[in-house]
């Protein structure tokens with residue numbers, strides 16, 4: 001259990017883990033898995049968006065995230081050096097081998113939930129890419145610089161919708177606030193720091209998690225305020241575990257759908 | 001196998017200039033800045049490309065089209081390398097290609113007017129002129145359009161909805 005502030009260590013009394021042999025592989029895997037899983041969730045909106053423009057927007061964002069995931073997982077496979085391609089990593093790992101944050105795997109919910117989740121993630125992702133793009137790992141910095149440009153459009157989209165929903169009708173306000181309340185306790189995990197992060201820092205990917213969390217909170221609270229939404233007063237404890245492979249019951253169902261074709265027909269091409 | 005001299009970089013670029021973007025078929029992958037390098041290597045050629053958007057589904061088609069275009073010139077050993085740095089930008093699209101976009105009904109991208117990195121959320125993009133009637137009185141409908149690289153606008157003067165190749 002931990003304080004409900006993003007940036008605070010999520011598991012101060014948790015088990016101490018020593019970094020695995022290839023910590024940078026694990027680090028890049030986390031980045032890739034976040035985007036692969038969230039991209040899949042976003043893709044569920046394809047054909048179901050509330051209006052045509054939004055259907056197109058959500059599908060485009062899903063594509064960007066999936067594309068970013070492909071490049072990140074390809075890099076992870078290269079760092080691992082065991083011959084695993086991005087496809088092998090995406091389609092042939094089981095649930096406990098996934099390293100995405102829990103917030104990315106939660107079911108799509110209503111449009112308000114989707115938008116608030118996307119907003120929380122976009123704000124985190126953009127700020128993180130800005131740090132990694134200036135970092136000392138050339139290949140990862142290149143992917144960060146590229147993704148940052150795409151995520152700038154994503155954040156503008158999600159933050160505008162947060163304002164519209166929060167400052168909209170009583171119904172849209174209530175749903176957006178419910179989403180903020182439900183999602184808040186999943187945001188701490190984004191700023192957790194562990195041995196993998198320390199090892200990544202040693203490899204040139206030095207992220208100051210406390211500073212990142214403070215920047216995130218300032219950005220998020222600014223938009224929520226304009227949207228007449230509030231940060232939950234008593235959010236309860238932060239929920240974490242995804243980075244260590246401990247997931248909600250939802251990830252298994254998502255993977256079943258995502259992986260079945262590749263696993264049923266290994267090596268197939270079309 | 002016929003022993004021919006290796007193709008020059010210039011010749012390779014000329015061949016690749018015939019490969020059009022599958023989603024915007026009026027401009028080539030060279031004009032878009034997707035082709036970063038082309039060189040003859042042992043027994044074949046190596047083409048270096050960079051993706052426009054990370055999730056652009058056209059990149060696979062583009063790789064196939066590159067192979068097909070070179071096969072016409074008897075080049076069957078084609079190695080395609082992908083680079084991510086420097087990140088692709090619409091600033092690489094030249095004036096001639098911008099005019100082709102406009103004539104096709106797509107508003108060309110404005111200049112990327114910031115240094116990269118974080119941009120203020122409140123920042124507004126420059127107005128986009130209608131590619132049909134030229135009016136600057138247009139309205140952004142959505143920053144996500146029919147392909148990853150486009151936004152949807154509507155012209156308030158001639159009432160025509162149109163795509164914009166958005167600055168990246």
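The values are calculated or read from the model by the stated rules, or taken from the named source; none is laboratory data. Everything numeric here is computed off the predicted structure, so don't read it as measured data. All Cβ positions, glycine included, derive from the backbone under ideal geometry; neighbour counts span all protein chains shown.
So which of A:110, A:122 ends up being surrounded by fewer than 18 Cβ atoms within 10 Å (Cβ to Cβ) and either at pLDDT 95 or above or more than 16 Å from the chain's Cα centre (by Cα) (or both)?
Matching residue, one of A:110, A:122: A:110.
Of these, B:36, B:9, B:67, B:79, which one is within 14 Å of another protein chain (Cβ to nearest Cβ) and either over 24 Å from residue A:60 (Cβ atoms) or touching a strand residue (DSSP E or B) at 6+ places or on another chain (Cβ under 8 Å) (or both)?
Residue meeting the stated conditions: B:36.
Considering only the stretch B:127-167, how many residues are assigned to a loop (DSSP other than H, G, I, E, B) and within 13 Å of chain A (Cβ to nearest Cβ)?
Summing the residues that are assigned to a loop (DSSP other than H, G, I, E, B) and within 13 Å of chain A (Cβ to nearest Cβ) in the stretch B:127-167 gives 9.
Mind counting the residues in the stretch B:119-142 that are in contact with a helix residue (DSSP H, G or I) (Cβ under 9 Å, 6 or more places away or on another chain) and more than 16 Å from residue B:108 (Cβ to Cβ)?
Residues flagged as in contact with a helix residue (DSSP H, G or I) (Cβ under 9 Å, 6 or more places away or on another chain) and more than 16 Å from residue B:108 (Cβ to Cβ) within the stretch B:119-142 amount to 5.
Residue B:129 - would you say it is crowded, with 16+ Cβ neighbours inside 10 Å, outside the structural domain of residue B:25 (by TED's automatic domain parsing) and more than 28 Å from residue B:59 (Cα to Cα)?
In short, yes.
How many of the residues making up the stretch A:218-227 are within 18 Å of residue A:182 (Cβ to Cβ) and either modelled with pLDDT under 95 or surrounded by fewer than 21 Cβ atoms within 10 Å (Cβ to Cβ) (or both)?
Here the count works out to 2.
Looking only at the stretch A:153-176, count how many residues are part of a helix (DSSP H, G or I) and out of contact with any helix residue (DSSP H, G or I) (no Cβ under 7 Å at 6 or more places or on another chain).
7
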